[in-house]
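K.L.:
Structure incoming, see below.
The values are calculated or read from the model by the stated rules, or taken from the named source; none is laboratory data. All of these numbers come straight from a predicted model, not from anything done at the bench. Reconstructed Cβ throughout: ideal geometry from the backbone, glycine too, with neighbour counts over all protein chains shown.
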Amino acid sequence: MTKFVLASAFALILSASLHSVEAFAYSSYPSCGDSKVLNKISKRFNQAENDTWYRGIHMDSISRPHGHDRTGFEDSPIYRQYCHAYANLSNGKSPKVYYLIEEGMGLAGFGWNVEFCVTGLDPWRVYDGYCRTVRP
């Protein structure tokens with residue numbers, strides 16, 4: 001009986017999380033210039049540099065964020081806000097950063113997630129050439 005109740009509760013939460021994305025889209029998630037988003041990008045970039053690349057550069061700040069189309073795909077409940085900005089790196093360069101904010105992609109479908117790519121600094125082409133998969 002307990003397993004049935006737990007399974008039912010989990011299914012209800014999962015269903016609610018999928019519908020919550022559509023219900024709260026465009027209002028409860030951060031924008032391209034939100035400090036939470038920009039700080040998350042800088043933190044993850046610097047962590048990757050320290051743990052993987054060892055190139056000796058760090059992202060000091062992100063400037064001039066700009067939003068593009070906000071899209072929801074008919075086959076997906078996930079809404080995405082496409083953005084770009086400029087990364088101010090410790091080596092004096094300012095390459096473009098493309099990023100997208102995915103709604104409903106946090107823990108258990110609640111919250112948001114950000115995926116980003118710095119042009120010229122994706123040697124494994126995780127986001128394809130010229131950061132194609134995170135661009136509008």
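K.L.:
Residue by residue through region 42-55, note down the ones that are touching a residue at least 12 places away in the same chain (Cβ under 8 Å) and at positive phi.
P.N.:
Hits for region 42-55: nothing passes.
K.L.:
Only residues that are within 15 Å of residue 87 (Cβ to Cβ) and at pLDDT below 75: list them for region 104-121, please.
P.N.:
Once the filter is applied, which keeps residues that are within 15 Å of residue 87 (Cβ to Cβ) and at pLDDT below 75, region 104-121 yields nothing.
K.L.:
I'm trying to understand the selection: among the residues of region 87-136, which are part of a helix (DSSP H, G or I) and either of a type outside the set (D, E, K, R) or surrounded by 12 or more Cβ atoms within 10 Å (Cβ to Cβ) (or both)? Working first, answer last.
P.N.:
Of the residues in region 87-136, the ones part of a helix (DSSP H, G or I) are 107-109, 129-134.
Correct list: 107, 108, 109, 129, 130, 131, 133, 134.
K.L.:
Starting from residues that are within 20 Å of residue 112 (Cα to Cα) and of a type in the set (Ser, Thr, Tyr), keep the ones in region 33-60 and report whichever is surrounded by the fewest Cβ atoms within 10 Å (Cβ to Cβ).
P.N.:
35
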